[in-house]
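Below you'll find the structure, written out as structure tokens, and then a few comments.
The values are calculated or read from the model by the stated rules, or taken from the named source; none is laboratory data. From a predicted model like this one, the values you see are computed outputs, not experimental measurements. Cβ sites come from the backbone with ideal geometry, for glycine too, and all protein chains shown count toward neighbours.
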Amino acid sequence: ILNLDYGYTMSALKHLACHEGYPGHFLHLAIREDKVGRGEMPLDAALVVTSSASSALFEGIAENGIDFLAWVEEPADVLALALNRLRSAARINAAWMIHGEGHSPDDAVTYLMESCFKPRAWAESRVAFLTHPLRAPFIFAYWYGDMAVHELWQRVSPARRSAFWDYLYHHMHTPATLAAYWT
């Protein structure tokens, strides 16, 4: 399902396809489901529990999918990735504005519109996420997971990428355990 209330560039669509599909959430969940079915992972590995210890890696894998595929082909893709990371950081700032500094949701909407170069409807939907009692803490998983996976991915040599993907997709991790045990 694609929300057509927002405009998408080709680069944004590529990122979205990688995040939600391959090699992102769809692939990650399919691997987990298969391993659970074969008894190689515990039953709870097939669940995605919001705001749990492994949430950040679940999002980090998805956020880095376009890099995993080496699908950053042109300057527009590089710019889109930078803009995506800027927007992710801005969402963290907006969450802190509301929950840490006591700003109103309207202040956060204005901040997101100005810092993310997006229309009001987009900013309002992000603030709705940030103010939802169950979903609000999950916003940190996107940023932290992206940075944790990206930092390691930048250090993985082309010869070791297959081993990295195997380790990343086939084991349950937190950002700390991934960094500590991937060698």
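Among (1) outside any helix (DSSP H, G or I); (2) in contact with a Gly (Cβ under 6 Å, 6 or more places away or on another chain), there is one condition Ala148 misses while meeting the rest; what is its number?
Failed condition: (1).
Filter region 33-75 down to the residues that are in a loop (DSSP other than H, G, I, E, B), within 24 Å of Pro133 (Cα to Cα) and either polar (S, T, N, Q) or touching a strand residue (DSSP E or B) at 6+ places or on another chain (Cβ under 7 Å) (or both) and list them by number.
Answer for region 33-75, where residues must be in a loop (DSSP other than H, G, I, E, B), within 24 Å of Pro133 (Cα to Cα) and either polar (S, T, N, Q) or touching a strand residue (DSSP E or B) at 6+ places or on another chain (Cβ under 7 Å) (or both): Thr50, Ser51, Ser52, Ser54.
So if I check each of Pro119, Pro137, which one is surrounded by 15 or more Cβ atoms within 10 Å (Cβ to Cβ), at pLDDT below 95 and not aliphatic (A, V, I, L, M)?
Within the list Pro119, Pro137, the selection yields Pro137.
Among the residues in region 92-111, are any touching a Ser or Thr at 6+ places or on another chain (Cβ under 8 Å) and not hydrophobic (A, V, I, L, M, F, W, C)?
Scanning region 92-111, I find at least one residue that is touching a Ser or Thr at 6+ places or on another chain (Cβ under 8 Å) and not hydrophobic (A, V, I, L, M, F, W, C), so the answer is yes.
Name the pairs: first residue in region 108-123 and touching a residue at least 12 places away in the same chain (Cβ under 8 Å) and over 9 Å from Ala90 (Cβ atoms), second residue part of a helix (DSSP H, G or I) and acidic (Asp, Glu), Cβ to Cβ under 8 Å, at least 6 apart or on different chains?
Val109/Glu124
Which condition does Ala163 not pass, out of (1) buried (at least 17 other Cβ atoms within 10 Å of the Cβ); (2) closer than 17 Å to His28 by Cα; (3) aliphatic (A, V, I, L, M); (4) free of Cβ contacts under 8 Å to residues at least 60 places away in the same chain, if it passes all the others?
For Ala163, the exception is condition (1).
Would you please name the residue that is nearest to the chain's Cα centre (by Cα), looking only at residues in region 86-109 that are among the polar types (S, T, N, Q) and more than 15 Å from Ala128 (Cβ to Cβ)?
Applying the filter and picking the extreme gives Ser88.
Just to verify a result, which residue in region 144-181, among those that are of a type in the set (A, V, I, L, M, F, W, C) and out of contact with any helix residue (DSSP H, G or I) (no Cβ under 9 Å at 6 or more places or on another chain), is farthest from Ile92 (Cα to Cα)?
Among those that are of a type in the set (A, V, I, L, M, F, W, C) and out of contact with any helix residue (DSSP H, G or I) (no Cβ under 9 Å at 6 or more places or on another chain), it is Ala159.
Quick check: anything in region 80-89 surrounded by fewer than 19 Cβ atoms within 10 Å (Cβ to Cβ), outside any helix (DSSP H, G or I) and touching a helix residue (DSSP H, G or I) at 6+ places or on another chain (Cβ under 7 Å)?
Within region 80-89 (the criterion being surrounded by fewer than 19 Cβ atoms within 10 Å (Cβ to Cβ), outside any helix (DSSP H, G or I) and touching a helix residue (DSSP H, G or I) at 6+ places or on another chain (Cβ under 7 Å)), the answer is no, since none of the residues qualifies.
For region 94-145, which positions are among the acidic types (Asp, Glu) and outside any helix (DSSP H, G or I)?
Glu101
Restricting to region 11-46, give me the number of residues that are among the hydrophobic types (A, V, I, L, M, F, W, C) and loosely packed, with under 12 Cβ neighbours inside 10 Å.
Final tally of qualifying residues: 1.
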